[in-house]
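Peer 1: I am attaching a structure below and will ask some questions about it afterwards.
FYI, it's all coordinate maths here, none of it is from the lab. Nothing here was measured: the structure is a model prediction, and the numbers come from that model. Reconstructed Cβ throughout: ideal geometry from the backbone, glycine too, with neighbour counts over all protein chains shown.
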Amino acid sequence: MPGMTLRAWAHVSAAGVLIDGSPNVSGASKVSTGTYAITLSDGNASAYGVLKGLAQSNSTLPLFVGMKAVPVTNTVTYMSQGAAGGAPLDSVCHVELWE
């Protein structure tokens, strides 16, 4: 993302387990169906950023996951959906937080 810095990234399972992530990602969890949270350990709770991601459901269709101008705290919540505005969907996700 031009003019922005990658703050954190995480690869999260459909069950909400952190598979892999940048050093400042300390964990992940499943909040509810299709809703996940990643926990940051770097203590910067005042930044704003862009969260983008790619999800993969049990089908062969890739699904986009993203939020704009997210107020960043130590826990960032995101949702995986089958389509824009669609119902939440459990899915493996790779998410990146840019600021």
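Peer 1: So what J values fall out for the range 92-97 if you push phi through Karplus, 6.51 cos²θ - 1.76 cosθ + 1.60 with θ = phi - 60°, rounded to Hz, Gly and Pro as x?
Peer 2: Whole-Hz 3J(HN,Hα) from phi for the range 92-97: 5, 9, 10, 10, 10, 10.
Peer 1: Nearest 0.05, what FRET efficiency do residue 4 and residue 32 give at R0 = 30 Å with Cβ-Cβ as r?
Peer 2: Using R0 = 30 Å, I get an efficiency of 0.55.
Peer 1: How much net charge surrounds residue 16 when only other residues with a Cβ under 13 Å from its Cβ are counted (Lys, Arg +1; Asp, Glu -1)?
Peer 2: Result for the neighbourhood of residue 16: 0.
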